[in-house]
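Have a look at the structure below, then the notes.
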Amino acid sequence: MTDQAEPLPAHFRDSQPARAIASVAASFERLVGRPLVEPGGDVIEQMWRTPQVILAHGTQTDPVFFFGNLSALDCFETDLDRLLAMPSRLSAEAPLREERQALLDRVAAHGFIDDYAGVRISAKGRRFRIEQAVVWTVTDDSGVRIGQAATFTP
């Protein structure tokens, strides 16, 4: 299990990653109508430490995660360097990737969904089920789509 006292990686404080991570929270609140984490305080720090899993990937042809919090690292049994180099499709087994793509298409069409359930796979090959995940489109301050994100309770 990841140590919840682990400091926020310096990389997440760099201007571009920090803006993208802040957009994850802002997009969630705008689309879902409630804050992703408790209002006030350091949003990025709160996202890093919250017990709910929070993951976000970019808009590349084969989207790669640009954020995963401590709970995501535990859930997917990986470290941050590996997670930030991993295409998000690898979080699902090959036979389930079509289901995952249908989910992502539905999110793209509607902005967010709050009823996703499915089987995911950790970096060590452990399969686990997620239920009632919220998946949403992440946009920057200008409204440009920069990715998609998900949150669920492990």
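The values are calculated or read from the model by the stated rules, or taken from the named source; none is laboratory data. Predicted model only: the values in this text are computed from it and were never measured. Virtual Cβ from ideal backbone geometry, glycine too; neighbours counted across all protein chains shown.
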>> Need pairs with beta-carbon distance below 7 Å; first residue farther than 17 Å from Val64 by Cβ and at pLDDT 90 or above and within the stretch 5-20, second in a loop (DSSP other than H, G, I, E, B) and of a type in the set (S, T, N, Q); sequence gap 6+ or separate chains.
In response: none
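Yes/no matrix, rows are residues, columns are (1) of a type in the set (A, V, I, L, M, F, W, C); (2) touching a residue at least 40 places away in the same chain (Cβ under 8 Å):
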{"residue": "Ala72", "(1), (2)": "yes, no"}
{"residue": "Asp79", "(1), (2)": "no, no"}
{"residue": "Ala102", "(1), (2)": "yes, no"}
{"residue": "Arg106", "(1), (2)": "no, no"}
{"residue": "Phe112", "(1), (2)": "yes, yes"}
{"residue": "Arg145", "(1), (2)": "no, yes"}
{"residue": "Gln148", "(1), (2)": "no, yes"}
> Out of Val138, Val107, which single residue is among the hydrophobic types (A, V, I, L, M, F, W, C), in contact with a strand residue (DSSP E or B) (Cβ under 8 Å, 6 or more places away or on another chain) and in a strand (DSSP E or B)?
Replying inline: Val138
> Where residues in the stretch 15-48 are of a type in the set (Gly, Ala, Ser) and part of a helix (DSSP H, G or I), which of them is farthest from the chain's Cα centre (by Cα)?
Replying inline: Ser15
> So, of the residues in the stretch 93-117 that are surrounded by 13 or more Cβ atoms within 10 Å (Cβ to Cβ) and closer than 25 Å to Asp81 by Cα, which turns out to be modelled with the lowest pLDDT?
Replying inline: Leu96
>> Looking only at residues that are surrounded by 14 or more Cβ atoms within 10 Å (Cβ to Cβ) and touching an Asp or Glu at 6+ places or on another chain (Cβ under 6 Å) in the stretch 119-151, which one is farthest from Gln52 (Cα to Cα)?
In response: Ile146
> From the residues in the stretch 77-92 that are more than 13 Å from the chain's Cα centre (by Cα) and more than 19 Å from Pro7 (Cα to Cα), which one is surrounded by the most Cβ atoms within 10 Å (Cβ to Cβ)?
Replying inline: Ala92
>> Return the pair list, or none, for Cβ contacts closer than 7 Å from residues in the stretch 120-134 that are closer than 17 Å to Ala149 by Cα to residues that are aromatic (Phe, Trp, Tyr), at least 6 apart or on different chains.
In response: Arg120/Phe128; Ile130/Phe152; Gln132/Phe152; Ala133/Tyr116; Ala133/Phe152; Val134/Phe112
> When the stretch 19-76 is examined, which residues are found to be among the polar types (S, T, N, Q) and either buried (at least 17 other Cβ atoms within 10 Å of the Cβ) or closer than 20 Å to Glu131 by Cβ (or both)?
Replying inline: Ser23, Ser27, Gln46, Thr50, Gln52, Asn69, Ser71
> Of the residues that sit in the stretch 76-92 and are among the polar types (S, T, N, Q) and in a helix (DSSP H, G or I), which one is modelled with the highest pLDDT?
Replying inline: Ser88
